[in-house]
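Computed from the coordinates by the stated procedures, all read-outs in this text should not be read as laboratory data. Keep in mind that this is a model prediction, so the values were computed, not measured. Neighbour counts run over all protein chains shown; Cβ positions are idealised from the backbone, glycine included.
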Amino acid sequence: MSVPYRRVQMPIASDVTLGQNVRIFQPELVNLCGCSIADETRIGAFVEIQKNASVGARCKISSHTFICEGVIIEDEVFIGHGVMFTNDIYPRAVKEDGTLQSEADWTVVKTLVKRRAAIGSNASVMAGVTIGESALVGAGAVVTRDVADYSIVAGVPARVIGDVREHREGHPVANNTPARLPRRGPRSAPGSGQDCA
Ligand SMILES: CC(C)(COP(=O)(O)OP(=O)(O)OC[C@H]1O[C@@H](n2cnc3c(N)ncnc32)[C@H](O)[C@@H]1OP(=O)(O)O)[C@@H](O)C(=O)NCCC(=O)NCCS
């Protein structure tokens, strides 16, 4: 079987708007087109960001994440590895008559991730939700509803399991944690985003 000829394009299209000091660790291993990425944001390998998506300043987008058209990510947001955004609630490949769907046949549903939110690895974010300021989405969660500011949500579907403010140094709950099963390992402060892009 012969492989059809395909014109090789740069993985960062010329219509991408990059702010100052954006760091794309392996530029040959990303797929960015028609999006904007603001100052000092870091992008890991195998990240795809589609047209009309925007990523704010000082964000961290970890490897293997997909940010589709219609996603707006504000400043200082942490996105873990393999986070999947969506922009169509009832996706279809073809129309009723069996011909391919085009852009005219569906509407992009927008998603907003507010400032300083953090999304754990392998989470899926359903189209149309808003993830609140400084909120934290647990690894593997499926976010189907809006997440309030500062909430910690986890599970499928994601439900509130805590408040990030309670885990901050100096907070009475953080300093007086009741006896529990041993921790899985040392913890960083929520949203601090250790360097594993
Ligand atoms: C959601 C999260 C913040 C919770 O951390 P925590 O507040 O320390 O919570 P705990 O580990 O004490 O767990 C509290 C409860 O939630 C459950 N839980 C924790 N994380 C969960 C997750 N991701 N999905 C489902 N349930 C989860 C625990 O099993 C526990 O349930 P139990 O009380 O019935 O035993 C954390 O587990 C998480 O997923 N962080 C994101 C990690 C990540 O993806 N980092 C990316 C950088 S590489």
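Working only within region 61-90, note down all residues that are within 16 Å of the ligand (Cβ to nearest atom) and over 9 Å from the mean Cα position of the chain (by Cα).
Selection gives 63, 64, 76.
Could you tell me how many of the residues in region 127-167 are under 11 Å from the mean Cα position of the chain (by Cα) and away from the ligand (no atom under 13 Å from the Cβ)?
Residues flagged as under 11 Å from the mean Cα position of the chain (by Cα) and away from the ligand (no atom under 13 Å from the Cβ) within region 127-167 amount to 1.
Test residue 122 against the stated conditions and say whether it is crowded, with 18+ Cβ neighbours inside 10 Å, touching a residue at least 12 places away in the same chain (Cβ under 8 Å) and out of contact with any strand residue (DSSP E or B) (no Cβ under 6 Å at 6 or more places or on another chain).
no
Can you find even one residue in region 91-111 that is under 30 Å from residue 20 (Cα atoms), within 15 Å of the ligand (Cβ to nearest atom) and buried (at least 17 other Cβ atoms within 10 Å of the Cβ)?
Among the residues of region 91-111, not one is under 30 Å from residue 20 (Cα atoms), within 15 Å of the ligand (Cβ to nearest atom) and buried (at least 17 other Cβ atoms within 10 Å of the Cβ), which makes the answer no.
Can you name every residue in region 90-117 that is aliphatic (A, V, I, L, M) and in contact (Cβ under 8 Å) with a residue 40 or more places away in the chain?
Scanning region 90-117 gives 108, 112, 113, 117.
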